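Everything on this sheet refers to the single structure shown next.
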Amino acid sequence: MRRILAFSGFLAAVVTGSLLVAPAANAATGPSSTRIDSVDRRQQGDRVLVNLSYNCPAGARIQLVVTVTAANGTRIAQGTRQKRVDCTGDWTATELRVDRDLAGAVFIVGAATARTVRTVCDDTSCETISFDETIRIS
């Protein structure tokens, strides 16, 4: 009987402890957001400078992957850049220099599409979210 009571007490302590720890482990991959603030044409269209802001839980890490796609006549200009940064819990600005794919056209001023894929990780798990938006290259 003592063994059963001891085991029951141990099991209750483990379950209670895991309930207290589990939400904290998942909290770091909680709500995150990105927004593209501006996209500027650089180097005669061989590159665009993407000014992006992000927000994610303090202590987490975020991997940002931005792909810019634009039409240039009958050709397509496209480029991708990625960056890994630490989260502070507040909105933070960063720059990504997106070089065009050499097989495609150069970037021109005008409408384009940006796909931002963000992967937010803490010590135990990661969450990946993608977001497409219409942008303007200046």
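Quick look at the numbers
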{"read-out": "Options 24, 6, 70, 93; residue that is within 30 Å of residue 122 (Cα to Cα) and either touching a Phe, Trp or Tyr at 6+ places or on another chain (Cβ under 6 Å) or modelled with pLDDT under 95 (or both)", "value": "24"}
{"read-out": "Every pair of residues 6+ apart whose Cβ atoms lie under 7 Å, when the first sits in the stretch 36-54 and is surrounded by fewer than 16 Cβ atoms within 10 Å (Cβ to Cβ) while the second is not in a strand (DSSP E or B)", "value": "38/138; 40/138; 44/106; 46/100; 46/106; 53/91"}
{"read-out": "Failed criterion for residue 12 (all others in (1) at pLDDT below 60; (2) within 30 Å of residue 130 (Cβ to Cβ) hold)", "value": "(2)"}
{"read-out": "Selection within the stretch 122-137 - touching a Gly at 6+ places or on another chain (Cβ under 9 Å) and surrounded by fewer than 12 Cβ atoms within 10 Å (Cβ to Cβ)", "value": "123"}
{"read-out": "Considering residues of the stretch 55-66 that are surrounded by fewer than 21 Cβ atoms within 10 Å (Cβ to Cβ) and touching a residue at least 60 places away in the same chain (Cβ under 8 Å) only, the residue nearest to residue 114 (Cα to Cα)", "value": "61"}
{"read-out": "From the options 88, 119, residue that is surrounded by 12 or more Cβ atoms within 10 Å (Cβ to Cβ), out of contact with any strand residue (DSSP E or B) (no Cβ under 6 Å at 6 or more places or on another chain) and on the phi < 0 side of the Ramachandran plot", "value": "88"}
{"read-out": "Test: residue in the stretch 108-128 that is at pLDDT 95 or above, part of a loop (DSSP other than H, G, I, E, B) and of a type in the set (A, V, I, L, M, F, W, C)", "value": "yes"}
{"read-out": "Strands (runs of 3 or more DSSP E) lying entirely in the stretch 53-102 (those with 3 or more residues that are within 21 Å of residue 134 (Cβ to Cβ) and aliphatic (A, V, I, L, M))", "value": "61-72, 92-99"}
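The values are calculated or read from the model by the stated rules, or taken from the named source; none is laboratory data. Everything numeric here is computed off the predicted structure, so don't read it as measured data. In this analysis, Cβ positions are derived from the backbone assuming ideal geometry, glycine residues included, and neighbour counts consider all displayed protein chains.
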